[in-house]
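Read through the structure below, which is laid out as structure tokens, and then see the notes.
The values are calculated or read from the model by the stated rules, or taken from the named source; none is laboratory data. All figures in this text were calculated on a predicted structure; none of them were measured in a lab. FYI the Cβ positions are ideal-geometry reconstructions off the backbone, even for glycines, and counts take in every protein chain you see.
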Amino acid sequence: MSVSELSPTRALGSVSGLLQVVSLLGLVLLLLKVAQLYLRRQWLLKTLHQFPSPPPNWLCGYKQEEFLLPWSYDSELQALLKRVETYLSARVLLIYDSDYMNVVLGRSGPKSLNIYRFLIPWIGTGLLLLEGQMLFQHWWMLTPAFHYDILKPYMGHMAHSSQSASLQDNQDSHVEIFRHVSLMTLDTIMKCTFSFQCSIQTDRNSKSYIQAVRDLNNLIYRLTPEGHWNYWACQLTHQHTDAMIKERKAHLQKEGELEKVRSRRHLDFLDILLFTRMQKGSSFSDVDLHAEVDTFMFKGHDTTASGISWILYTLASHPVHQQRCQEEIQSLLVDDAFLFKDHLDQIPYTTMCIKEALRLYPPVPKLSKPITFHEGRFSLSSLPRRNHLPLSFYGLHHNPKVWPNLEVFDPSWFAPGSTRHSHAFLPFSGGFRNFIGKQFSMNELKVAVALTLLRFELAPDPSRVPSKNGIYLWLRKIL
């Protein structure tokens, strides 16, 4: 009787003791983990202390601005300019110095896929995100698509797209230019690199594609309502590129067309991809083909549209320089003459203004690379592997060590014969990750700006500053 009465008490006591032991072990493991994290944090602080930087915050470390201040894009740029002005070479966890850029971009290491993984459902693993041997193979395969000789006939397409742009229909009015310029650059990339000869600037599907790209630039998270829209926008962009690929395949299947295209000295971008896919035993798959098309559809029109829009805004804000560019262009293109490839070398002052605008407003303001190397230069050997190095091209282009009076619009920085560090001006990135189509984009920038200034005088809209909602300008038709 007494044994049966005591048994539950003993059982409870043994369970309680076991729980105490487990709790004690859990507490010990927790303290060990805290100690491990603390020691690692102290080691990181000591390692990173050699870089010029403000003192770390006790809680947020060197990223206190990101956690303690309300975020906005404008406030982020202002904070960046303060850092660049105070710490001229590099701020910890942020690179904006020419020599550092040269070292980091000169390496062929991988990109920070953790940073760019949200792009994969959109553009796939194309040239922008490929690594290793596959990157080399695709790079050499696509380089002929941007050969100097093949860029010459593209001039006509670029000029036609600029002259047909919906922007040309606006006169003596305030216009949000990025939307119009995006349609124009999409029309250009479709005609030049994808052999699509119909105008798409009034096509409803093209406008939906432009809107989807804008939304994808702003949305990242899948598990939110915005994330569901992100998925839908990806599907819409893929439908657009799939339809274009199918149309080109159907065209090549017409009698005699395949041999006719194959006999050309230079193939355009999409034809290179399709012919590579057709080769017997080729490892180039349909997935690879679609990834490259999606990548260049995005990079070929959205980034270029951003560059053109900011160039026009900059010239609108500096009427003296705008007038000088117009005089240079009008003297070259008398009576609205056609723009040829050779003309692009005869507008030096306009080219200087374009480059200065790209310095002030780089189309790609930053990227990130992981540290996968140990090298004794610039203390990079001491940085922990697998850390990410953000490269700020906006900070680089506003570094007073390289650009005194950096906020002054000064095209003379790019006058013929001027010299600077090879990595002081990188509007299209640099080094191993240089944008393969940068000459194509530069030609398109010149054509679009020249033909716009030939027809319009530009002025900023004083009631609307540039923002995520667009860039508004006042356009007055030149009679």
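Worth a mention:
- Boolean, Leu475 is surrounded by 14 or more Cβ atoms within 10 Å (Cβ to Cβ), in contact (Cβ under 8 Å) with a residue 12 or more places away in the chain, touching an Asp or Glu at 6+ places or on another chain (Cβ under 8 Å) and farther than 30 Å from Ala145 by Cα: yes
- Figure legend. Inter-residue proximity from the range 140-157: first residues β-branched (Val, Ile, Thr), second residues outside any helix (DSSP H, G or I), beta-carbon distance below 6 Å, spacing 6+ or different chains. Indicated pairs: Ile150/His266.
- Pairs, first farther than 11 Å from Ile308 by Cα and in contact (Cβ under 8 Å) with a residue 12 or more places away in the chain in the range 173-190, second part of a helix (DSSP H, G or I) and charged (D, E, K, R), C-beta under 8 Å, six or more apart: Leu183/Lys207; Thr188/Glu444
- Every condition in (1) over 30 Å from Asp461 (Cα atoms); (2) touching a helix residue (DSSP H, G or I) at 6+ places or on another chain (Cβ under 9 Å); (3) of a type in the set (S, T, N, Q) holds for Gln279 except the one numbered (2).
- First in the range 270-299 and over 21 Å from Ile436 (Cα atoms), second anywhere and basic (Lys, Arg) and crowded, with 20+ Cβ neighbours inside 10 Å, Cβ under 7 Å, 6 or more apart: none
- Set side by side, the residues Ser429, Ser441 differ, and just one is surrounded by 20 or more Cβ atoms within 10 Å (Cβ to Cβ), modelled with pLDDT of 80 or more, of a type in the set (Gly, Ala, Ser) and under 30 Å from Thr193 (Cα atoms), which is Ser441.
- Residue within the range 457-465 that is out of contact with any helix residue (DSSP H, G or I) (no Cβ under 8 Å at 6 or more places or on another chain), part of a loop (DSSP other than H, G, I, E, B) and under 28 Å from Leu94 (Cβ atoms) present: yes
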